[in-house]
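Enquirer: Please find one structure pasted underneath; my questions will follow.
The values are calculated or read from the model by the stated rules, or taken from the named source; none is laboratory data. Everything numeric here is computed off the predicted structure, so don't read it as measured data. All Cβ positions, glycine included, derive from the backbone under ideal geometry; neighbour counts span all protein chains shown. Side chains are part of the model used for accessible areas, which takes the heavy atoms of the whole protein and leaves out ligands, DNA and RNA. Shrake-Rupley method; radii C 1.70, N 1.55, O 1.52, S 1.80 Å.
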Amino acid sequence: MPKLPAGGSRIRRPARVLAAALPLVLVGGGCAGAGDDEGPPLATLPSSPAETVSTVPATVGNEAATASLDLQGHRGARGLRPENTLPSFEAALDLGVTTLEMDLHLSSDDAVIVWHDAVIDPSKCRVDPDVATDPPDPDDPGLSTDELMIRNLTAVEIRSYRCDRNPDPDRFPEQSATAEELAGDDYHIPTLEEVLRFVDEYSASDLKSAEQRANAAVVGFNIETKRRADQPETIGDGFDGENPGPFEHAVLAAVQQAGVADRTTIQSFDHRSLWAIRSLDGTVRLAALTLPGHIPDVAELADGGAAVWSPDFRSATRDAIDAAHGAGLAVIAWTVNDPDDMQALIDLGVDGIITDRPDLAPLP
């Protein structure tokens with residue numbers, strides 16, 4: 001059964017999710033890259049009658065496909081549980097999302113870390129008082145940003161943080177660090193390997209319903225490489241802008257070793273990272289993220305190897321969506337949390353939405 005958000009009403013099951021038996025062929029989406037804010041309600045979209053969106057054509061590689069709306073849980077279910085943690089992913093799975101969206105960084109010892117920020121942010125994380133290690137303390141005002149960068153910390157040090165703080169209670173009043181059935185209150189920063197293993201365990205857990213287990217067995221993974229062309233030190237692996245760096249190699253190795261490559265999309269605002277991945281694996285599904293207000297040359301994205309265009313939801317106008325579909329791209333809009341905005345995007349024909357609140361997705 002769906003769970004209750006702390007202090008809130010019963011979570012509604014999301015609408016239009018893919019049936020467990022249906023092959024998951026459209027995964028994409030995104031998360032904020034500049035400002036990390038989904039912005040005000042979407043007031044500029046043209047109004048229109050509701051349209052059927054259950055058979056929107058798209059292409060994956062050279063194969064045409066159709067699918068229902070792809071409902072993606074942003075950093076798990078950030079509006080309900082602290083982001084990019086195992087309890088957040090469990091909450092999203094409990095709600096039946098079709099795709100789990102998450103962010104990737106690289107530790108100093110080259111582990112693929114699931115975290116959005118380039119640094120350990122004291123508004124989100126603290127040193128776990130129960131760990132034996134002594135990592136840099138984000139609550140120490142004397143520490144420099146460099147000392148708290150993910151790339152400058154080992155995987156063991158990163159695991160020593162407990163990220164159970166709500167950085168914006170006004171924006172996410174329902175977010176709480178509640179213990180989940182399977183993950184408990186394990187609010188450490190996980191590796192990609194840990195997350196993939198956790199989803200596999202969820203799919204076989206007697207704590208979950210048959211429907212939840214079946215959905216977890218086919219759920220998609222939308223994983224974002226957090227490279228930045230203007231801040232190469234964010235990943236800091238010597239990437240030359242063209243050839244795959246250690247980061248791209250490590251990300252691909254993780255999904256391949258977990259056996260979920262066919263359920264995975266790799267997305268990025270830094271499209272150089274996508275094209276580098278394409279050179280390693282011509283079958284991997286790629287999603288090109290774009291910043292607010294930017295409408296790309298969608299034909300160029302498709303020619304480069306992208307299967308998905310993932311715009312800020314306010315940039316997803318009918319003309320832009322139609323142009324992307326005409327180029328063979330699916331359109332997954334980020335990050336939309338208002339149910340009216342979600343419905344407006346569905347009416348315009350998006351293939352999927354990425355949201356902090358999958359529990360608020362419009363019902364049929």
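Enquirer: Quick check: pseudo-label points 7 Å beyond the Cα along Cα→Cβ at Ser108 and Asp322, how many nm apart are they?
Expert: Simple spin-label model gives 5.5 nm for this pair.
Enquirer: With r as the distance between the Cβ atoms of Asp262 and Asp170 and R0 = 30 Å, compute the FRET efficiency 1/(1 + (r/R0)^6) and round to 0.05.
Expert: 0.15
Enquirer: Give the peptides 127-136, 189-198 in descending order of average Cβ contacts within 10 Å, highest first.
Expert: The packing order, highest mean first, is 189-198, 127-136.
Enquirer: Right, here's the next one. Testing the spin-label approximation: label points 7 Å from Cα along Cα→Cβ at Ala253 and Asp338. State their distance in nm.
Expert: 4.5 nm
Enquirer: Set the Förster radius R0 to 25 Å, insert the Cβ-Cβ distance between Thr154 and Ser123 as r into 1/(1 + (r/R0)^6), and round the FRET efficiency to 0.05.
Expert: In this case the efficiency is close to 0.65.
Enquirer: What does the extension gain come out to for Asp281 and Asp185, with contour length at 0.36 nm per residue minus their alpha carbon separation?
Expert: So the chain would gain 30.9 nm between Asp281 and Asp185.
Enquirer: Here is a further query. At a 10 angstrom cut-off on C-beta neighbours, averaged per residue, how do the peptides 287-293, 95-101 rank from highest to lowest?
Expert: 95-101, 287-293
Enquirer: Provide the FRET efficiency to the nearest 0.05 for the Ala299-Asp240 pair, computing r from the beta carbons and using R0 = 25 Å.
Expert: Efficiency for this residue pair is about 0.40.
Enquirer: Measuring with a 1.4 Å probe in the full set of protein chains, what accessible area per residue, in whole Å², belongs to the stretch 70-202?
Expert: 34 Å²
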